[in-house]
1. Counting only residues that are surrounded by fewer than 17 Cβ atoms within 10 Å (Cβ to Cβ) and either within 12 Å of the chain's Cα centre (by Cα) or at pLDDT below 90 (or both), give me the helices (runs of 4 or more DSSP H) lying completely in segment 9-119 with at least 1 of them.
2. In segment 158-183, what residues are assigned to a helix (DSSP H, G or I) and either surrounded by 12 or more Cβ atoms within 10 Å (Cβ to Cβ) or of a type in the set (Val, Ile, Thr) (or both)?
3. Report the residue count in segment 212-234 for those that are at pLDDT below 90 and aliphatic (A, V, I, L, M).
4. Tally up the residues in segment 93-116 that are out of contact with any Leu (no Cβ under 7 Å at 6 or more places or on another chain) and not small (Gly, Ala, Ser), please.
5. For segment 128-150, check the following and say yes or no: at least one residue is among the aliphatic types (A, V, I, L, M) and assigned to a loop (DSSP other than H, G, I, E, B).
6. Of the residues LEU130, LEU124, which single one is surrounded by 19 or more Cβ atoms within 10 Å (Cβ to Cβ), more than 30 Å from CYS10 (Cα to Cα), under 18 Å from the mean Cα position of the chain (by Cα) and at pLDDT 90 or above?
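The values are calculated or read from the model by the stated rules, or taken from the named source; none is laboratory data. This structure is a prediction, so every number in the text was calculated from the model and none was measured. Cβ: placed from backbone, ideal geometry, glycine included. Neighbour counts: every protein chain shown.
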Amino acid sequence: MTDDEPQPSCYLLEFSVAPNPEFRADVYAHGTLAGLREQPVDIDLDLVLLHQPVVLHLWVVRRGEITHGIDLHPFLRTGSPEHDRTLAGCVNLGRTPEYPEDPWNQIGAILKQSFIGGLRGEPLPLATRLLTLHDKVTAPGADPGESVRAEYERLLEQIDEEDFSGLEDEGVRLRLSLDWDAIARTAPRLEEPLLGPGGLNFRWAEGVEQIPDSYLSEESWKIEDITLYAGRNDMEFGGGDAFYEEDEELLNGDGERLDGEGEEAARYDI
């Protein structure tokens, strides 16, 4: 692409976690939402629940300029409306500086124990169970019965005592997905030219809010001259190439190609 040609437009889906043992720094790029939807994005539930901050964002790029950002956490789905509600509350719990009220105080304790290894199995089903019981017991005019009330009080007591015996279901495995239909109703349309094989050197439009923990932010990681390509861009390599796991055998310890074919061979263009 020459300097006279306009930069392409595209959508960028960023799923990244600030440096920690569960390091993730992926940016998926495509000229259409349909193409982005086909990308094999693995949104790990434990990362979303237990690690803060997590950047899960759709960046809108118009002719090389990031003009808009959409938080994708509200579009996360588990396949269960009950778990979706709990997940949304857990995300907000990790973002608020205020001390939570019951039952979110106990749900925070569940997440903490899961993070430090005191809870086996996934924490979300247990949190949903607690939230459901709380609603049955505390709803205005509620008469849940003594058995439900006793179950709720017993569950609160076990959590407060960090005793999770009999509460853990290690067989439950939830997978997260995105509600792409809802995203499509929110994301603005793009103008051509759309992102193709040539790559993208983006810039930020004036006034667009940047997330400090984003790997694309101008102020967080100080990565300069990032070139993004259609597909998955692994920002752990500093941007510039879309390396997949199967490419790692082609690289030496310095991230250089071993086959002499240059960086173009390590790039997956869609």
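1. Hits in segment 9-119: 45-50, 81-93, 104-116.
2. GLN158, ILE159, TRP180, ALA182, ILE183
3. 2
4. Of the residues in segment 93-116, 11 are out of contact with any Leu (no Cβ under 7 Å at 6 or more places or on another chain) and not small (Gly, Ala, Ser).
5. yes
6. LEU124
Each row is one residue, and each column tells you yes or no for (1) of a type in the set (Val, Ile, Thr); (2) without any contact (Cβ under 8 Å) to a residue 60 or more places away in the chain.
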residue: VAL91; (1), (2): yes, yes
residue: ASN105; (1), (2): no, yes
residue: SER114; (1), (2): no, no
residue: GLY117; (1), (2): no, yes
residue: LEU133; (1), (2): no, yes
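Here's the yes/no breakdown for (1) in contact with a strand residue (DSSP E or B) (Cβ under 9 Å, 6 or more places away or on another chain); (2) more than 23 Å from ALA109 (Cβ to Cβ):
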{"site": "LEU167", "(1), (2)": "no, no"}
{"site": "SER177", "(1), (2)": "yes, yes"}
{"site": "ALA184", "(1), (2)": "no, yes"}
{"site": "GLY196", "(1), (2)": "no, yes"}
{"site": "ALA205", "(1), (2)": "yes, yes"}
